[in-house]
Amino acid sequence: MAAVTLKNISKTYDNGKIRAVNDVSFEVNPGELFGLIGPDGAGKTSIFRILTTVLLADKGAATVGGLDVVKEYRAIRNKVGYMPGRFSLYQDLTVAENLGFFATIFNTSIKENYNLIKDIYEQIEPFKNRPAGKLSGGMKQKLALCCALIHKPEVLFLDEPTTGVDAVSRKEFWEMLKRLKQQGISILVSTPYMDEASLCDRIALIQNGNIMSLDEPQKIIEGFPARLYAVKSKDMYQLLKDFRSDPAVETCYAFGEYLHITLRGNHNGEGIPDRLAVKHNAEEFEAKTIQPSIEDSFIRLMQEKQNAETTQK
């Protein structure tokens with residue numbers, strides 16, 4: 001039995017004018033670390049709220065731990081842990097008071113499930129008497145995770161848990177998730193950070209409420225259908241304009257200090273980018289073949305979808 005199942009879930013707002021989730025279906029396997037990857041406004045939070053029984057879908061069905069999110073919502077709330085995107089604990093309560101409060105709500109105690117949160121709580125224990133509102137971003141994150149775990153949930157929902165925290169805290173957080181997974185907890189995490197996708201067992205790439213691809217991160221990368229080049233020159237803005245207007249170039253977008261480009265099928269081959277640079281008089285030109293990333297795959301899938309929609313119109 002899947003830990004989480006969504007079947008054709010849709011959700012709209014503003015009397016149907018805004019479609020947040022569009023016919024979404026996927027499963028999270030028991031003990032899996034599953035990532036929902038996409039930018040702000042992609043529909044991630046709406047999906048999380050539906051699965052944690054705080055929002056009703058317009059269409060479709062969903063289960064968590066085999067329980068229906070509508071008919072059996074009370075039972076689900078005792079089986080899941082939920083960490084929303086914004087810090088939502090009581091700012092005036094101390095670390096210890098917040099943790100004790102959430103343990104009491106679920107008729108348990110810190111001592112009873114301490115082994116589950118031990119590695120995390122030890123990092124914030126020196127601040128146990130500090131009000132939660134005065135913690136750093138990384139410490140707030142760890143406290144929120146402890147509160148979400150204190151009742152030993154079967155499924156853990158983490159909605160953009162690393163947004164707004166420093167790189168070190170992000171790394172520590174994902175290491176904690178790996179250890180939690182080893183304890184048999186199924187984890188569904190959402191993030192706008194494409195580099196975090198590779199830390200998941202499987203991912204779903206989502207944009208405008210639509211799932212564009214669902215697979216293991218490496219398999220999505222391996223499915224990139226074209227040779228990818230990283231190019232740069234002295235005048236990057238002019239290079240971007242020239243390459244985007246060149247019929248030999250299929251895609252061209254800025255990526256850090258480089259442009260990432262793909263070429264149309266009959267133009268692929270060694271040395272082609274250099275010939276294009278000569279054609280456009282690009283100075284100090286540099287080109288190299290690179291391996292695509294999840295972000296490259298996401299951008300390509302997004303462009304393909306936009307092109308398909310334009311063709312249909």
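The values are calculated or read from the model by the stated rules, or taken from the named source; none is laboratory data. Just so you know, these numbers come straight off a predicted model, no measurement behind them. When we count neighbours, we look across all protein chains shown, and the Cβ atoms used for this are built from the backbone with ideal geometry, even at glycine.
Condition check ((1) small (G, A, S); (2) modelled with pLDDT of 95 or more; (3) closer than 24 Å to V80 by Cβ; (4) outside any strand (DSSP E or B)) across all residues:
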residue: G133; (1), (2), (3), (4): yes, no, no, yes
residue: A148; (1), (2), (3), (4): yes, no, yes, yes
residue: V165; (1), (2), (3), (4): no, no, yes, yes
residue: F173; (1), (2), (3), (4): no, no, yes, yes
Any residue in the stretch 151-162 that is touching a Leu at 6+ places or on another chain (Cβ under 6 Å), in a helix (DSSP H, G or I) and either assigned by TED's automatic domain parsing to the domain that holds G35 or under 19 Å from G35 (Cβ atoms) (or both)? no
The stretch 1-31, residues that are closer than 24 Å to R86 by Cα, in contact (Cβ under 8 Å) with a residue 40 or more places away in the chain and assigned to a loop (DSSP other than H, G, I, E, B): none
Does the stretch 268-283 contain at least one residue that is under 28 Å from Y193 (Cα atoms) and either loosely packed, with under 14 Cβ neighbours inside 10 Å or among the aromatic types (F, W, Y) (or both)? no
Evaluation of L56 against (1) closer than 30 Å to M302 by Cβ; (2) among the aliphatic types (A, V, I, L, M); (3) surrounded by 16 or more Cβ atoms within 10 Å (Cβ to Cβ) (one fails), failing number: (3)
Selection from the stretch 82-102 of residues that are in a loop (DSSP other than H, G, I, E, B) and not charged (D, E, K, R): P84, G85, F87, S88, L89, Y90, Q91, L93
Which condition breaks for Q291 when tested against (1) among the polar types (S, T, N, Q); (2) under 30 Å from S25 (Cα atoms); (3) surrounded by 13 or more Cβ atoms within 10 Å (Cβ to Cβ)? (3)
Give the stretch 167-187 a look and list any residue that's among the small types (G, A, S) and either surrounded by 12 or more Cβ atoms within 10 Å (Cβ to Cβ) or farther than 19 Å from V4 by Cα (or both), or say none. A167, S169, S186
Among (1) within 22 Å of the chain's Cα centre (by Cα); (2) free of Cβ contacts under 8 Å to residues at least 40 places away in the same chain, there is one condition S198 misses while meeting the rest; what is its number? (2)
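Suppose the filter is out of contact with any Leu (no Cβ under 7 Å at 6 or more places or on another chain) and either of a type outside the set (V, I, T) or under 28 Å from R202 (Cα atoms) (or both); does I294 pass it? Write out each step before concluding.
Working: out of contact with any Leu (no Cβ under 7 Å at 6 or more places or on another chain): yes; either of a type outside the set (V, I, T) or under 28 Å from R202 (Cα atoms) (or both): yes.
Here the answer is yes, as I294 does meet what is asked.
Would you mind stating whether Q218 is surrounded by fewer than 16 Cβ atoms within 10 Å (Cβ to Cβ) and polar (S, T, N, Q)?
Numbers: surrounded by fewer than 16 Cβ atoms within 10 Å (Cβ to Cβ): yes; polar (S, T, N, Q): yes.
For Q218, the condition - surrounded by fewer than 16 Cβ atoms within 10 Å (Cβ to Cβ) and polar (S, T, N, Q) - is met.
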Among the residues of the stretch 59-81, are any of a type in the set (A, V, I, L, M, F, W, C), surrounded by 15 or more Cβ atoms within 10 Å (Cβ to Cβ), assigned to a loop (DSSP other than H, G, I, E, B) and touching a His at 6+ places or on another chain (Cβ under 7 Å)? no
Residues of the stretch 126-148 being surrounded by fewer than 15 Cβ atoms within 10 Å (Cβ to Cβ) and closer than 30 Å to E32 by Cβ, in sequence order, are G137
Selection from the stretch 149-166 of residues that are of a type in the set (S, T, N, Q) and surrounded by fewer than 21 Cβ atoms within 10 Å (Cβ to Cβ): T163
